[in-house]
Amino acid sequence: MNNSPDRKLYAVVGNPVAHSLSPLIHNAWIADAGLNAHYDRVHLTSESARDDLRAMASIYDGLNVTLPHKIAALSAATKSSLEARTVGAANTLVREHGAWTAHNTDVAGFEVAMHAACGDELRNLRVLLIGAGGAARAAAVSLNRSGARFTIANRSVVNAAALANELAPHAHTAGLDDIERLSADADIIVNSASLGHAGESLPPLSPGRGRPFLDLSYGKAAAGALEAAASAGWTRHDGLTMLVAQAAAAFHLWFGVWPDQAKALHACRAAVAARA
Ligand code: NDP
């Protein structure tokens, strides 16, 4: 590693962050592009994440920010993209004149994953979106933009209703008990509920007949839901395509270069398989 003083520094900040594949992705792209830069990980447990993120602008040229600090990342910035403001959270910070500009590349990452699962035409697609957290917010912004029609089903119906009210007034809302019925008419199911992290499963689905089931999680967290969906006849897609695409959009914001996403996806699949 080149430790020269003009080497640029980047990192992913989160809690937990040890499992993050972002250093693997970005350091490979940095090496491929011959850049004098390094990408690290920062475990931030602090309650005052906004102030800590602001202070990090004296060290880092750019940050990715993940759970639970994406809202703090937006408020740590002095400028923000329309997308970050619409979602209400940022996953990418770019240092400009010593302060952060906030972006949300999860929206673009989700869009790439949708196209990979469903093809080019997303207008009028009937989407069953499960979950109403941060990832669902990015998904809702993207689905609105592409003209899809969607229902938000969530454990807490009140959270689904709040998300619809704020970002998707045309979306229907439901609880998880309705998933079997709603999945009968969906062109795709998108699962953004983090229940796999707790070892829990989704309620049963209608027969998939080959329709796509996109889980935004990956690795062990997605394994149970993807297995159950495949058993019911759905075609499985995990969250690695979105992960790599949101990373590529962040890399482009920092370096002005579009990196090789296929190579990164391959490396991520190998890393996830090695952990299994
Ligand atoms: P949040 O914590 O913001 O939201 C979690 C969601 O999952 C909520 O809707 C919550 O429901 C639901 N949920 C949590 N536990 C359970 C459970 N036991 N049973 C049913 N529902 C549950 O997380 P995010 O939205 O940020 O992340 C969700 C998933 O998406 C994570 O696995 C994350 O790793 C992944 N992700 C992937 C990305 C990628 O690039 N591939 C990017 C961002 C996220 P309730 O409202 O009732 O609490």
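No lab work stands behind these numbers, since they all come straight from the coordinates. Values in this document were obtained by computation on a predicted structure and should not be read as measured data. FYI the Cβ positions are ideal-geometry reconstructions off the backbone, even for glycines, and counts take in every protein chain you see.
Tabulated data
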| read-out | value |
| --- | --- |
| Where labels lie 7 Å past Cα in the beta-carbon direction, separation of residue 145 and residue 172 in nm | 2.6 |
| Folded to 0 to 90 degrees: helix 157-167 orientation relative to the chain principal axis, Cα | 60 |
| Gain upon complete extension [residue 9, residue 201; 0.36 nm per residue less C-alpha separation] | 65.2 nm |
| Tilt relative to the chain, helix 261-275 - C-alpha long axis, 0 to 90 degrees, to 10 | 80 |
| Theoretical gain in end-to-end length, residue 67 to residue 194 [0.36 nm per residue, Cα-Cα removed] | 44.6 nm |
| Whole-angstrom gap from the stretch 110-148 to the stretch 221-276, using each part's C-alpha centre | 16 |
| Spin-label model distance (nm) - residue 260 vs residue 274, 7 Å beyond Cα toward Cβ | 1.7 |
| The chain - mean residue ellipticity at 222 nm from DSSP helices (-39,500 (n - 2.57) per run, n ≥ 4, rounded to 500) | -12500 deg cm²/dmol |
| Quarter of the Cα convex hull surface for the chain, i.e. its orientation-mean projected area (nm²) | 14.1 |
| Two-site label geometry, residue 78 and residue 220: point separation in nm, points 7 Å out along Cα→Cβ | 4.3 |
| Convex hull of the stretch 196-253 built on C-alpha atoms - directionally averaged projected area, nm² | 4.4 |
| Convex hull (Cα only) mean projected area of the stretch 1-110, reported in nm² to one decimal | 7.0 |
| Gained length - residue 58 relative to residue 33, 0.36 nm times residue gap less alpha-carbon distance | 6.5 nm |
| 0 to 90° range, to nearest 10: angle between helix 106-118 axis and the chain longest Cα axis | 40 |
| Tail weight of P(r) past 27 Å, computed on alpha-carbon pairs of the stretch 107-238, percent | 7 |
